[in-house]
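Here is the structure we will look at.
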Amino acid sequence: MKHEIKYRIESIHKMDHALSAFGAIFELEKQVIDIYFAVPDGGVVKIIEEGRSQTLIELKKRNSGFDLVQNTPLQDVEAKIAELSEKYGVKAVLHRTTHCWSYQGMEISTHHISGRGDFLIFTLENDEDAEAMVSQCRDQLNIKEEEKITVPFSDLPETGEVRLQTHVAVFVFLVRENKIFLIERANTGYMDGFFGLPSGHAQEAESLYSAAIREAEEEAGVHIKKENLKHIHTRYRNRGRAYMDIYFMCEEWEGEPFASEKEKSGICGWFADTEFPEKTVAYVFQAWSEYKKGNPFSEEGSALIK
């Protein structure tokens, strides 16, 4: 029987970096809707909606966490929601972004739950070893024992009015002879082994052009003049966290592009848009495709594996 132990954390992104440094392996990102039902015994009954997949989950509370007692795929989710709603009533509907990790046979996941906060969950098969393994991981990840969550997420108080907080990221297509420069990600804790563009978050009080110029120099070793940057696409995505992705294209720069952040990158190279590596982060396909269609703006979605 699987056993879950949950902790509140400061930031999903900070914990992702800590897990990567700790030696955990990133598996995938999920965008999930959890429908909680008001069961009377303090346990958890919920339906998880993930894309076209729906699953009925039942958890039983124990002092150290929660036991997973049911994990059943659903064929007729509307009928099951109606049945449980009539029997118990809907308690809460929560939207979350989940990053899945593995470490020495243990499942670890980080979560951002809209209106509730950020969390870390350890999932183990063998309850006898659970406390020892979690204690070891908790110490190395600097997680305090008093941050343990012993109630369902649906029972946690809301963190206040959920206002839109938009993160801004910049991306640079370096283009030469109809080929695009891509860098393999490594040791970042997110999508490692996949190819992407020179990119990063805009810093406070930094213009978007300045951010793109800085990221191109830091990650590809080239210097770009502002007049040589062309804005080609803006993409808004909001699946638990709101991002405004700003894409630039550049065909003239100083220096020869290379993977200049050796500790965060693997190989690099030039690729035609019909010959991108199989492991290329999806936003590269998406943004370039929208640009070629002449679309300056698109919405929704996230950087998923193509």
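Structure summary
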{"quantity": "Estimated [θ] at 222 nm from DSSP helical runs (n ≥ 4, -39500 (n - 2.57)) normalised by residues in the chain, nearest 500", "calculated": "-6000 deg cm²/dmol"}
{"quantity": "Over 29 Å (Cα to Cα) - which of LYS2/LYS264; LYS226/LYS292; LYS6/LYS91 fall in this group", "calculated": "LYS2/LYS264"}
{"quantity": "All aspartates and glutamates inside 20 Å of LYS144 as judged from Cα atoms, apart from same-chain residues fewer than 8 positions distant", "calculated": "GLU4, GLU10, ASP16, GLU107, ASP118, ASP129, GLU131"}
{"quantity": "Calculated FRET efficiency for the pair GLU275/ARG62, C-beta based, R₀ 35 Å, to 0.05", "calculated": "0.10"}
{"quantity": "Anisotropy class of segment 166-299 from Cα gyration tensor, a/c 1.5 cut", "calculated": "rounded"}
{"quantity": "Cα convex hull of segment 35-140, projected area averaged across orientations, nm²", "calculated": "7.7"}
{"quantity": "Modelled label reach - GLN70, point 7 Å along Cα→Cβ, segment 20-59 residues with backbone N closer than 16 Å", "calculated": "35-49, 54-59"}
{"quantity": "Radius of gyration and maximum dimension Dmax of the chain, Cα, Å", "calculated": "21.7, 67"}
{"quantity": "Spin-label pair MET1/ARG176, simplified geometry with 7 Å Cα→Cβ offset, distance in nm", "calculated": "6.1"}
{"quantity": "Potential extension, LYS14-LYS148 segment - 0.36 nm per residue separation minus Cα distance", "calculated": "46.5 nm"}
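Since every read-out is calculated from the coordinates, none of them should be taken as a lab result. Note that this is a predicted model, so its numbers are computed, not measured. Here the Cβ is made from the backbone with ideal geometry for all residues, glycine too, and neighbour counts use every protein chain on show.
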